[in-house]
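> Below are the structure tokens for one structure; questions will follow.
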Amino acid sequence: MHNNMTVLCRRWPGVVAAVLLGGLLLLPARGVSSGSAPVAVDYEIRLVSGNATQNADGSWTVQVGERIEWAVTWTVANISAGTVFNVRLGNNYSAEIDVAPSSVDASRGQVTVAPVGGPNSATAVAWSIGDMPAGSTAVLSFHIATGLNPAGKQQYTSPGDYCLDSALTVKWDNGSVSKGGYSLNCVPVHVGDPPWMRIEITNTQKDWRIRKPGDYVSLGLQVIVASNSSVSIQFRDFADLMPLAGNAASPLPVLYAAGDSLQQASQAGWWTADELNQQVISFRKSDALEQGVTWSLWQRLVVGPSQSSSEYEDQATLVFVLANAGQLVVDSGSP
């Protein structure tokens, strides 16, 4: 009697946990003005493509080496009772961020997109709106994306905390003497290590040799899982042991339990093969998981006197799911 197991390693996109960036300034809420400022600014950044997540505090979480494209929208509103003169906004995006001039779309005024210094310097986006009557609004939209830095490397090549921009600034004139302005905080970006997973499996085939009826238990499978992200194990196609083709024997039921020891597994309870297929074993992201944790699956056969002497077999699949990764990798084979 033996079981064959196929092992699939799968990485799926998942929800990236929110990261609070200590020491970095956070993006203000929508429609923010400064004190008695006559204009309010809404700075919106929306993900277009790539593996990135905007957190509740306005920061972004991305993975090392990912190419990310965002849609940026600046909305300016005159919230005063009179005209605000010569309103203008500006922001610098870092040397590793590309601003697509062809994507620029302004409801009014003039927009310039130009490098601050040489060809590999930061990119300045300057928007001259002009005079804004009371209650009026103006909107500017454009796309930005992670590009190449002066060394020719992709942005965010190492983990850390960054600022996407220098901070959006709004200015205005109220006559020849009175001038005003304020700046929003920079947009924080947290860059984490790309998710990785290491799986060590003791065996992909379990053989039994049983000579007489009885209740038999053995360690069927032991797995060492290591990862910097959460991992789960799913079970596919586990079934009772079936007699080989041409043999009239009835199936031989198999029970399964998980635990570091047989005593622990027995106390946790035994699953039938169908019940095992419904289980999901999860390992939360932790320092211990990054170092490697061991998980054991025990098998139990209860062979009755009426069970026919025969050779039995079952083939099943383990699926390892790595959270927060951007591509699917399947590695399967038969022992």
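The values are calculated or read from the model by the stated rules, or taken from the named source; none is laboratory data. This is a predicted model, so every value here is computed, not measured. Glycine also receives a Cβ, built like all others from the backbone with ideal geometry; neighbour counts cover every protein chain displayed. The protein model used for the area step is the full one, side chains on, heavy atoms only, and it has no ligands, DNA or RNA in it. Shrake-Rupley method; radii C 1.70, N 1.55, O 1.52, S 1.80 Å.
> To the nearest 20 Debye, how big is the dipole of the stretch 206-274 about its Cα centre, given +1 on the beta carbon of each Lys and Arg and -1 on that of each Asp and Glu?
240 debye
> Next up: What is the set of long-range amide H partners of F238 at a cut-off below 5 Å, with H atoms built 1.01 Å from backbone N?
Hits under the 5 Å cutoff: T317.
> 5 Å is the cut-off here: which amide hydrogens, built 1.01 Å from N in the peptide plane, fall below it relative to R108, excluding neighbours closer than 5 in sequence?
Amide H neighbours of R108, under 5 Å, 5+ apart: V139.
> Could you report the accessible area of W196 in Å², rounded to 10, computed with a 1.4 Å probe on the protein chains as they sit in the structure?
Estimated to the nearest 10 Å², W196 gives 90 Å².
> For a quick protection proxy, order the peptides 216-229, 279-292 by their average other-Cβ count within 10 Å, most packed first. Working shown, then result.
Details: 216-229: 17.5, 279-292: 12.8.
Order by mean packing, descending: 216-229, 279-292.
> Taking H as built 1.01 Å from N, whose amide H comes closer than 5 Å to the amide H of S80, not counting residues under 5 places away?
So S80 has HN proximity to G135.
> Output ³J(HN,Hα) for the stretch 87-103: one whole-Hz value per residue in order, computed from phi by the Karplus curve 6.51 cos²θ - 1.76 cosθ + 1.60 with θ = phi - 60°, and x for Gly and Pro.
Ordered by residue, 3J(HN,Hα) equals 7, 8, 10, x, 7, 10, 9, 4, 4, 8, 9, 8, 10, 8, x, 5, 8 Hz.
> OK, next. Over the alpha-carbon set of the stretch 170-246, divide Rg by the Kirkwood Rh and report the Rg/Rh ratio to two decimals.
Ratio value, two decimals: 1.55.
> Further question on the same structure: How big is the charge dipole of the stretch 39-161 about its Cα centre, in debye rounded to the nearest 20, if each Lys and Arg gets +1 on its Cβ and each Asp and Glu gets -1 on its Cβ?
Here the stretch 39-161 has a charge dipole of around 200 debye.
> Under unit Cβ charges (Lys, Arg +1; Asp, Glu -1), what dipole magnitude, rounded to 20 debye, does the stretch 135-284 have relative to its Cα centre?
In total the dipole reaches around 220 debye.
> Have a look at C163, T202, G220 and report the one farthest towards the positive end of the charge dipole of the stretch 162-220, computed about the Cα centre with Cβ charges (Lys/Arg +1, Asp/Glu -1).
With unit charges placed on the Cβ atoms, the residue in question is G220.
> Once phi is turned into θ = phi - 60°, what whole-Hz ³J(HN,Hα) does the Karplus curve with 6.51, -1.76 and 1.60 give for every residue of the stretch 194-204, x standing for Gly and Pro?
Taking θ as phi minus 60°, the curve returns x, x, 9, 8, 10, 10, 10, 10, 5, 6, 10 Hz for the stretch 194-204.
> Mind listing the phi-derived Karplus ³J(HN,Hα) values for the stretch 277-291, rounded to whole Hz, using 6.51, -1.76 and 1.60 with θ = phi - 60°, and x for any glycine or proline?
Values per residue, Gly and Pro as x: 4, 8, 7, 10, 9, 10, 10, 6, 4, 6, 5, 5, 5, 5, 7 Hz.
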